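Read-outs: derived from the displayed coordinates by stated rules, not from any lab. Predicted model only: the values in this text are computed from it and were never measured. Because the Cβ atoms are built from the backbone with ideal geometry, glycine has one as well, and the counts that use them run over all protein chains shown.
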Amino acid sequence: VRLRVRQCLLDWIGVTIAGACEPLVHMLAEEAREQGGHAQATVVGHAFATSSRQAALINGAASHALDYDDVNMACTGHPSVALIPALLALAESRGASGSDFMTAFAAGYETMCRLGLASGDAQYARGFHTTATLGTLGAAAACARLMQLDADDTAAALGIASTMAAGLKSMFGTMCKPLHAGRASADGLQAAQLAARGFTSRADAIECPQGFVATHGGTASLEAALAAPEGGWHLRNNLFKFHAACYGTHAAIEAARHLRVQHTLRADDVLRVTVRAGAASEGVCDIAEPRTGLEAKFSLRHTVAMALTGVDTDGLDSFSDEAVRAPEVAALRERVQILLAPQCPGLTLSEVVIETRSGAVLRQRHDSGRPASDLLEQQQRLEEKFRRLVKPVLNLAESDELIDLVARLDLLSDLSPLAGMLARQSCVVPH
């Protein structure tokens, strides 16, 4: 479990350093500079410090800006981008140790996933972005643990977070989606800090009538929340992204890639493509005609066309606004149709069927919901991903130093060495 925590942190640092250069992050950083505030915590990649809450907001948005961060299907969301920015800001201002950070992260992660199971699929189906809603409560729980709040104050923190939790799925493809992660992190941090001061809320805010679950999801399932997951930890089921797009597109990308390589397909060989995906993909990754790189990340049609034309879906440049208009990809996208299929439940199972001009029908299913069993291989892939992400702003020695620092997280008496590296200015102008 501790290795998985370190992997989550390493992946988060990579996507945050890369995301820190996005225009939306510059806007948030500029606003924070204008507002001022005590220099309590580092803003990644912008060479200044601000209040803990502002840092959590900006770093949370930066880490979700590229939609390249980890997921867990128990909460149908992105745990690390809600938890780590709040914890780093709090740990930096309080001088907490690396070991304390890891314990608090695990507590917040498990809370977020268990509350996701408690509220079921209804919350996501209603249009709530669970990274935002459940993330606020997860961040509150994580910060409460780092602050060593007692049970009553922790319950108060969760109650405060419950009434702050918000975020709409209709914002996917806009700057507001990454803002959700930042807001969850900042609000969760504030909820814990207010609870520590004696700020009151309902102790049963999660399950009471008109409480969090009732308004956001439906009927609370305490049995589901309290059931032990396989392996004892939801952290064991963390899923890392190796395509720079919505996780709901990954299964179809993998299936399409497999067919292209196995049958040496060219775009001109393809007559028609049918992607069978779960109903959960509707309203998540169903943008039919993406106009921007951000919208392309939420388009099954476009990402499958990318995979079939040999475009590197691992690379950030493949999701630039200019890349979306690539003629070959756009032409093939017009031959891709999406069918919602009951045999593909959830967001992680898809089937791709290709009809070729020669009359062949090719099929491939893929399930992207299975966590890695070989953690050493996963570590290698994460380090490769990390180096690619930070290459524009860090040299090889600096990136290796960060990797080594995260590997020694348990041994750090405080996080100042990590904060010092993350404080280095990396963004002069936005992407």
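Before moving on, here are some points about what is shown:
- Remark: segment 176-193, residue by residue, has Karplus-estimated 3J(HN,Hα) of 5, 4, x, 4, 4, 5, x, 5, 4, 5, 5, 5, x, 4, 5, 4, 5, 5 Hz, where x stands for each Gly or Pro and the curve is 6.51 cos²θ - 1.76 cosθ + 1.60 at θ = phi - 60°.
- When you count the other C-beta atoms within 10 angstrom of each residue and take the mean per peptide, 158-166, 195-203 line up highest first as 158-166, 195-203.
- Put simply, when 290-301, 311-322, 81-92 are sorted by average Cβ atoms within 10 angstrom per residue, most first, you get 81-92, 290-301, 311-322.
- 20 Å binning of all Cα-Cα separations within the chain, expressed as whole percents from 0 upward: 28, 57, 14, 0
- Averaging the Cα positions of each part gives two centres, and for segment 59-86 and segment 240-259 these lie 18 Å apart.
- Annotation for Asp121 and Met175: the two label points, set 7 Å from Cα along the Cα-Cβ direction, are 3.5 nm apart.
- Computed FRET value (nearest 0.05) for Asp414 with Leu376, which takes r as the C-beta separation and R₀ as 30 Å: 0.55
- If R0 equals 25 Å, the separation of the Cβ atoms of Phe199 and Arg236 corresponds to a calculated FRET efficiency of about 0.15.
- ³J(HN,Hα) computed for each position of segment 314-323 - Karplus, 6.51 cos²θ - 1.76 cosθ + 1.60, integer Hz, glycine/proline x: 7, x, 5, 4, 5, 10, 7, 4, 5, 5
- Shown in residue order for segment 112-129 are the 3J(HN,Hα) couplings computed by the Karplus curve 6.51 cos²θ - 1.76 cosθ + 1.60 at θ = phi - 60°: 4, 5, 5, 5, x, 5, 5, 8, x, 6, 4, 4, 5, 5, 6, x, 8, 7 Hz (x for Gly and Pro).
- Given +1 at the Cβ of Lys and Arg, -1 at the Cβ of Asp and Glu and no other charges, the dipole of the chain around its Cα centre is 560 debye to the nearest 20.
- Structural descriptor for the chain: relative contact order 21 percent, calculated from alpha carbon pairs under 8 angstrom and at least 6 residues apart.
- Here the extension length gained between Glu289 and Val361 equals 23.4 nm, from 0.36 nm per residue of separation less the Cα-Cα distance.
- Helical content alone sets the calculated 222 nm signal of the chain at -15500 deg cm²/dmol, taking -39,500 (n - 2.57) per DSSP H segment of four or more residues and averaging over every residue.
- The alpha carbons of segment 161-271 stretch over 65, 35, 25 Å along the principal axes, in descending order.
- With the simple spin-label model, which puts each label point 7 Å out from Cα in the Cβ direction, the Arg424 to Ser97 separation comes to 2.8 nm.
- For Phe242, Phe105, order by how many other beta-carbon atoms lie within 10 Å, fewest first: Phe242, Phe105
- Counted charge near Pro178, where neighbours are those whose Cβ lies closer than 12 Å (Asp, Glu -1; Lys, Arg +1): 0
- Simple spin-label estimate for Asp312 and Ala47 in nanometres, 7 Å along Cα-Cβ: 2.9 nm
- Rounded to whole Å, the principal axis extents of the Cα atoms in segment 123-175 read 39, 19, 14, largest first.
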